[in-house]
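First the structure, in the form of C-alpha cells, and then the observations on it.
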Amino acid sequence: MTGSGPPLREDLAELVGYHSPEVDVDVRLNTNESPYPPPPAFVDAAADTARRIVYNRYPDREARALRAEIAASLGVGADSVWAANGSNEVIQVLLLAFGGPGRRALVFTPTYSMHTKIAEATATAVVAEARDGDFRVDAAAVTAACARHRPDVVFFCSPNNPTGTLDPLDAVAAAASDPERLVVVDEAYGEFCDETAIGMVPTRPNVVVVRTMSKAWSMPAVRLGYLVAPPAVVRALAPAHLPYHLSAFTQEAGRLALGFHAEMRTRVALVREERGRVYAELSALDGVRVWPSAANFLFFEVAGASPGLADSVWEGLVARSVLVRNFASLPATPGCLRVTVGTHEENTRFLAALRDSLVDAGA
Ligand SMILES: *Cc1c(COP(=O)(O)O)cnc(C)c1O
C-alpha cells in the first residue's frame, strides 16, 4: 500500500520553516553577518586544535572550560553561563525547559521570527503584541501585555532584529516583576551597542540574556551561542538538552575566539562607524525613512504610493547584485527592507544600487 508517509504533528502541519532567500550575488547584506572574517591567527589556532582533538572520545559534556572562560570575559560566575550550537539552540532548550504544552510565550512584533518559530516547534503557544510606531516597547505596555496574556515566557530582543531598536531595561524589569515568569533578552547584537541586561541577571531569579558568536564574533559557521542566567535556571536546563551536544571543536573554537577580544572590538568599531555613514546617507534620500539602529544593520522604509514599490526596489538591488532582506510583505513592516552594514566598499555599492533602484521603481 502506498500512502503519503507518516503524518506530521498536527500543530506543525500549517507552519513553515525559517525562510530567507539565498541568492548568489556579489554583495551579501541580508543575514547580518560580519563582513570581516576572524583574524588569520584564530584560523591557524583553530586548525591546530582540530589536529589535537581526541576523536575517539566524547567531548566534555558540561563544556566547563568554555563556560568558565565566557563567564570570566563577562564578569559573571561560571555557573551562570551555558552554551549550545548557536543561540537558536539556546532558545530551543530554554523553551523545552520552560515552555511547552499548556504554556505561553509573549513576543513584541516586529521582532526576530525564530522566537515564534521555536516556540511553535516546542508546542509553546505564542501571543504577540505590537511595538509602537517606532518599534519600541515601554514598561507600561509590557506590564499591560503581561496582565492581559499571563505569559510564562517573555521575549525581548535588544537590539531588536529587524528594527535595530533597543528594548529598555525598565521594560525588561516590568516583565520580570513576576518571579515565575521567564524573561529572555536576546542580545545577538549586544556587542554593537552600549547597553546590556547582563547586569540584571545576578539580582533576579528569572532574567536570561542570550548571546551568540555568530555576529560580532564573525563565526556563524562554527555555531556557538550562550546564555547568562541565574545558576538555578542553568541547572534546570539539564533534562531538556542532549548529552554531549557541543562538539569538542566547537568548544575549543569558542575558547580560542575569546583570545581575540580586541580584534572583535576593532571590527565592531568599524561597523559602527559605517553604520553612521549609511544611516546619514539613507536619511538624506527622498522617499526613504530610516530608523536609528544599535545593531550591525539598518531598517528602512521605502515610502511611496504603490504597495509593490519596496518589492521593486528589492528586485532592483538584486539585479545590481546586492542582496538585502525584504520585510515589505509582512503586515507589521509594509515597505520595509533591512540592510546589513558591510565593508565600506559594500556599503558604497549598496547605496549607489539603492539610488538607481529607487529611480527605476519610480519612487
Ligand atoms: C542572528 C540572530 C541570532 C543568532 O542565531 P545563532 O543561532 O546564534 O546563529 C539570534 N538571535 C537574533 C535576534 C539574531 O538576529
Leaving out ligands, DNA and RNA but keeping every protein chain, what accessible area does Arg136 have, in Å² rounded to the nearest 10, with a 1.4 Å probe?
-> 120 Å²
Hydrodynamic radius (Kirkwood) for region 96-247, which is based on Cα pairs only, to one decimal in Å = 15.7 Å
How large is the dipole of the chain about the Cα centre if only Lys and Arg carry +1 and Asp and Glu carry -1, each at its Cβ, rounded to the nearest 20 debye?
-> 840 debye
Leading residue at positive end of dipole, region 141-271 (Cβ point charges), from Ala188, Met200, Met213 | Met213
Ranking Glu14, Glu129 from most to least accessible area with a 1.4 Å probe gives Glu14, Glu129
Total charge of the residues flanking Gly164 in space, meaning their Cβ is under 10 Å from its Cβ, with Lys and Arg +1 and Asp and Glu -1, is +2
Carbon and sulfur atoms: what percent of the 1.4 Å accessible area of region 1-65 do they account for?
-> 53 percent
Whole-Å distance linking the alpha carbon centroid of region 1-65 with that of region 261-326 is 26 Å
At least 20 Å along the helix axis (C-alpha) and Kyte average at least 0.0, DSSP helices within the chain = none
Would you mind working out the accessible area per residue for the chain, using a 1.4 Å probe, and quoting it in Å²?
-> 46 Å²
Quick one: pull the percentage of alpha-carbon pairs in region 249-343 with a separation above 20 Å.
-> 48 percent
Put Asp48, Asp26 in order of accessible area, largest first, probe 1.4 Å, and you get Asp26, Asp48
Extended-chain gain in nm, criterion 0.36 nm per residue less alpha-carbon gap, Ala352 and Arg52 = 103.2 nm
Translational D in µm²/s for region 112-174 (Stokes-Einstein at 25 °C, 0.890 mPa s, Kirkwood Rh from C-alpha pairs) | 199 µm²/s
Accessible-area value, Thr266, 1.4 Å probe, nucleic acids and ligands omitted, Å² | 80 Å²
Counting only DSSP beta bridges fully inside the chain, the antiparallel percentage to nearest 5 is 50 percent
For the chain (alpha-carbon point model, no solvent) the Debye-based log₁₀ I(q)/I(0) at q = 0.08, 0.10 Å⁻¹ works out to -0.42, -0.66
Return the distance in nm (one decimal) between the two label points of a simple spin-label model at Ser177 and Ser4, each offset 7 Å from Cα along Cα→Cβ.
-> 4.8 nm
Normalised by the number of residues in the chain, what is the relative contact order in percent for Cα pairs under 8 Å and 6+ residues apart?
-> 22 percent
Charge context of Gly190, other residues only, Cβ under 11 angstrom, K/R +1, D/E -1 | -3
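The values are calculated or read from the model by the stated rules, or taken from the named source; none is laboratory data. Quick caveat: nothing in here was measured; it's all calculated off a predicted structure. Cβ coordinates were reconstructed from backbone atoms using ideal geometry, including for glycine residues, and neighbour counts include every protein chain displayed. Ligands, DNA and RNA are stripped out before the accessible areas are found, and what is left, the full protein with its side chains, is counted by its heavy atoms. Shrake-Rupley method; radii C 1.70, N 1.55, O 1.52, S 1.80 Å.
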